[in-house]
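**Student:** Structure provided below as structure tokens; questions to follow.
The values are calculated or read from the model by the stated rules, or taken from the named source; none is laboratory data. The shown structure was predicted, so the numbers you read here are calculated from the model rather than taken from an experiment. Cβ coordinates were reconstructed from backbone atoms using ideal geometry, including for glycine residues, and neighbour counts include every protein chain displayed.
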Amino acid sequence: MKSLLLIFVPLLGSALAVAWPRERTRPLLLPIFGGAHTLLAFWMLFDPPPLAPNGWFGFDPLARAVLPAVSLLFLGCAVYGVSYLRIRSERPNRVFVASLLLILSLLSAGHQARHLGLLWITTEAATLATVPLLHFNGTPRAFEATWKYLLIGGTGIALSLLGSFCLGYASFYGGGSGDLTFAALVAQGAGLSRPWVLIAWVLVLVGYGTKMGLAPMHTWKPDAYGEAPGIVGAILAGGVTTVAFTAILRVRAVVEAAGEGGVASTTMLAIGLFSMLIAALLLLATRDFKRMLAYSSVEHMGILVIGAALGRVGVWAALFHVWSNSLTKGSLFLSAGNIRRAAGARTIDEVCGMSAITPRSAALFVAGMFAVTACPPFAPFFSELRVLRAAFETGHAITAAVFLGGLLFAFFGLTRLVFAIVDGRPRVTAKSAGILVRETRGVILPPLILLGLALWLGLATPQVLQDAWTAASEQLFPAQ
Amino acid sequence: MSEAVNFLIGLAMGLNLLALGSGRLPSVIRTVATQGMVLGLLPLFLESRFNWFVALLAFLTVSVKGFVIPTLLRRAMRSANIEREIEPFIGFVPSLLLGALGTIAAISCVRALPLLPEHAGTLFVPGALASIFTGFILLVGRVKAISQVCGYLILENGIYLFGMLLIHSTPLLVESGILLDLTVGIFVIGIIVDRIQRAFDSLDTRKLTVLRE
């Protein structure tokens with residue numbers, strides 16, 4: 001019952017946003033419903049509700065381990081959104097606010113979906129709901145980015161549907177009763193038709209991997225993140241990608257039960273390492289700091305998938321990394337949005353000396369950069385260390401070496417860009433624009449708090465979260 | 001029963017090749033619409049008895065794929081003032097040859113896949129694979145947005161065809177195929193919005209480009 005509230009509360013907010021008559025007060029719905037959602041999610045984190053064994057939706061251990069992070073990120077973005085939409089008051093915000101709350105509802109549904117078809121429908125709907133957000137700026141480039149997002153994302157969606165059909169056929173061929181909940185599929189286990197399971201796995205990995213933005217299916221990401229407002233980028237990078245990751249985890253558990261876990265791990269390792277390497281190379285080449293965030297996101301998706309390939313310990317580390325990624329990405333995207341607005345440009349050829357124009361955002365941006373490149377004591381350092389340890393424990397020394405190399409090059413790429421933007425003497429044109437953009441509390445506090453949470457998560461990982469991650473990794477890899 | 005089904009799927013496979021070989025956008029749109037209608041009728045032949053739910057599904061599919069989407073596409077085509085696909089990445093003859101090869105490969109590789117006896121003699125899986133492959137050729141090989149949407153529709157028709165294998169066991173998944181159709185609807189709306197934007201806000205956008213360059 002409570003798990004359905006997580007879906008219906010933001011849905012109600014979305015409907016209310018559509019009906020709300022006043023432009024000025026409508027953005028307030030974001031923090032109100034986002035806050036209610038976060039309260040609910042954390043209440044359920046501390047006091048998990050009983051789970052119906054064959055329910056289609058449920059706050060199961062995996063949802064419990066991931067969804068509160070998404071909720072927290074959304075709340076941060078929601079608070080920021082109030083100030084952001086006030087600054088951008090020249091654009092109507094009805095669709096924007098309604099879509100954001102709709103996405104929260106669909107993300108809650110997607111994380112809790114325990115049925116193959118339902119999982120696909122919710123993740124697909126979440127993709128569609130992000131479309132109006134992407135072209136909020138209304139520029140031709142924004143429309144171009146939206147078009148690419150639809151075309152590539154749509155193909156990914158289609159492939160994951162085909163993969164879901166194949167998994168359904170694997171169950172059907174193996175004499176299944178037509179019950180396509182994940183619990184039933186796992187229970188059927190070795191009874192599933194193996195060739196179909198393998199075909200399904202490849203399609204699902206490519207399909208949902210497109211949504212996560214794993215290389216080489218990442219090409220929509222820099223365009224979309226570059227053109228969309230920072231708040232949308234944060235929700236895409238920390239929330240929408242997470243739901244695709246949990247989808248992959250759920251299907252992987254079925255593949256494991258069917259006895260093909262080895263193949264699943266190998267493919268995930270390969271695609272994860274490839275994503276990290278490609279992201280590191282692109283980070284070294286790009287000159288645009290919003291596209292930089294997209295490549296950094298590709299890198300972190302690679303880390304998640306590598307973690308998930310390394311057995312139970314690795315999944316634990318990956319779930320930890322979901323939290324660190326959501327919180328740090330939120331802070332980084334929001335502070336980058338502040339800098340972008342003040343500078344009026346996005347490449348290091350046009351922007352420099354932002355520490356003089358927007359000192360607070362620049363400081364946050366630098367701190368966020370250190371967090372995201374896994375400098376201690378922020379949470380990503382500890383979660384990536386766990387992934388690394390899992391790699392050594394399971395005897396994947398080469399993986400660990402490539403992983404470290406990827407991290408190192410990403411660090412070079414990110415520091416190069418960030419300091420080029422922050423350091424130096426501000427340009428005159430940028431300076432005159434900067435006077436107009438005041439760094440109000442509304443646009444500084446949300447990224448600051450998200451970053452503070454990332455710090456706290458690293459220094460003192462709460463026991464309840466550790467328990468939640470343990471429960472989720474046991475759900476995905478049950479003891480033999 | 002099985003002959004009628006195979007005939008319809010075979011027809012859809014032929015339409016794949018027609019879509020690949022044609023350079024005029026109106027005829028590609030017509031081909032895709034016909035294919036959508038042919039496949040939309042398929043569920044009616046799969047049921048031994050008349051079933052209201054299946055009939056409704058077929059009606060919806062035929063009307064969306066055969067009429068609604070083609071109308072939207074034609075409107076977008078007219079407002080953008082394009083009639084032909086010019087200079088595609090993959091030429092018409094090469095893409096036709098690729099499509100033919102893909103169809104042959106789909107038919108021959110199906111023997112390697114484990115299929116239930118009731119599906120082994122049908123063209124469901126080869127038809128699905130061939131359509132998916134055709135869709136990809138169009139998506140990758142064409143430059144005009146409308147041709148790419150047509151490619152996406154053919155890809156989606158292939159997946160829909162595959163979903164027919166599960167129609168008796170999981171109606172929910174088939175329903176989700178319909179939702180995929182909605183994607184296409186939004187897709188198309190996206191283009192139209194884009195065109196309208198360019199038509200009405202041209203002055204504004206030019207100014208924005210100047211600021212960015």
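**Student:** For segment B:12-25, enumerate the residues that are under 16 Å from B:Gln148 (Cβ atoms), modelled with pLDDT under 90 and assigned to a helix (DSSP H, G or I).
**Tutor:** B:Leu25
**Student:** Does segment A:244-259 contain any residue that is closer than 25 Å to A:Phe136 by Cα and touching a residue at least 60 places away in the same chain (Cβ under 8 Å)?
**Tutor:** yes
**Student:** For segment A:126-139, give me each residue that is crowded, with 20+ Cβ neighbours inside 10 Å, within 9 Å of another protein chain (Cβ to nearest Cβ) and not β-branched (Val, Ile, Thr).
**Tutor:** A:Leu128, A:His135
**Student:** Then there is this: Looking at the structure I just gave you, is A:Pro92 part of a loop (DSSP other than H, G, I, E, B) and either crowded, with 23+ Cβ neighbours inside 10 Å or touching a Phe, Trp or Tyr at 6+ places or on another chain (Cβ under 8 Å) (or both)? Write out each step before concluding.
**Tutor:** Values: part of a loop (DSSP other than H, G, I, E, B): yes; either crowded, with 23+ Cβ neighbours inside 10 Å or touching a Phe, Trp or Tyr at 6+ places or on another chain (Cβ under 8 Å) (or both): no.
When the stated conditions are applied, A:Pro92 does not pass them.
**Student:** Kindly establish whether A:Leu150 is in a helix (DSSP H, G or I), of a type in the set (A, V, I, L, M) and either more than 7 Å from chain B (Cβ to nearest Cβ) or touching a His at 6+ places or on another chain (Cβ under 7 Å) (or both).
**Tutor:** Values: in a helix (DSSP H, G or I): yes; of a type in the set (A, V, I, L, M): yes; either more than 7 Å from chain B (Cβ to nearest Cβ) or touching a His at 6+ places or on another chain (Cβ under 7 Å) (or both): no.
Criteria not met by A:Leu150.
**Student:** With the condition being within 12 Å of another protein chain (Cβ to nearest Cβ), I'd like the helices (runs of 4 or more DSSP H) fully within segment A:158-245 carrying at least 3 qualifying residues. Quick ask: steps written out before the conclusion?
**Tutor:** Values: elements: A:182-188, A:194-212, A:220-227, A:230-235.
In segment A:158-245, the matching helices (runs of 4 or more DSSP H) lie at A:194-212.
**Student:** Between a residue in segment B:27-38 that is surrounded by fewer than 23 Cβ atoms within 10 Å (Cβ to Cβ) and any residue that is assigned to a helix (DSSP H, G or I) and not hydrophobic (A, V, I, L, M, F, W, C), which pairs come within a Cβ distance under 8 Å, given they are 6 or more apart or on different chains?
**Tutor:** Close Cβ pairs satisfying both conditions: B:Arg30/B:Pro70; B:Thr34/B:Gly66; B:Met37/B:Lys65; B:Met37/B:Gly66.
**Student:** Residue check: is A:Thr155 at the interface with chain B (Cβ under 8 Å from one of its Cβ atoms) and either under 27 Å from A:Leu51 (Cα atoms) or in a helix (DSSP H, G or I) (or both)?
**Tutor:** The answer is yes for A:Thr155.
**Student:** Further, regarding this structure: Which pairs have Cβ atoms under 7 Å, sit 6 or more apart or on different chains, and link a residue in segment B:120-132 that is within 11 Å of another protein chain (Cβ to nearest Cβ) and free of Cβ contacts under 8 Å to residues at least 60 places away in the same chain to one that is hydrophobic (A, V, I, L, M, F, W, C) and part of a loop (DSSP other than H, G, I, E, B)?
**Tutor:** B:Val125/B:Leu113; B:Val125/B:Leu115
**Student:** Can you go through B:Val110, B:Val32, B:Val68, B:Val62 and tell me which one is within 14 Å of chain A (Cβ to nearest Cβ) and assigned to a helix (DSSP H, G or I)?
**Tutor:** Answer to the check: B:Val110.
**Student:** Right, something else. For segment A:187-217, which positions are over 26 Å from the mean Cα position of the chain (by Cα) and within 23 Å of A:Ala472 (Cα to Cα)?
**Tutor:** Scanning segment A:187-217 gives A:Ala187, A:Gln188, A:Gly189, A:Ala190, A:Val197.
**Student:** Here's a check for you: in segment A:343-373, which residue that is of a type in the set (Gly, Ala, Ser) and surrounded by 24 or more Cβ atoms within 10 Å (Cβ to Cβ) is nearest to A:Leu408 (Cα to Cα)?
**Tutor:** Here the residue is A:Ala371.
**Student:** Ok, one more. I need the full set of residues from segment B:140-167 which are within 9 Å of chain A (Cβ to nearest Cβ) and not polar (S, T, N, Q), in order please.
**Tutor:** Scanning segment B:140-167 gives B:Ala145, B:Val149, B:Tyr152, B:Leu155, B:Glu156, B:Gly158, B:Ile159, B:Phe162, B:Gly163, B:Leu165, B:Leu166.
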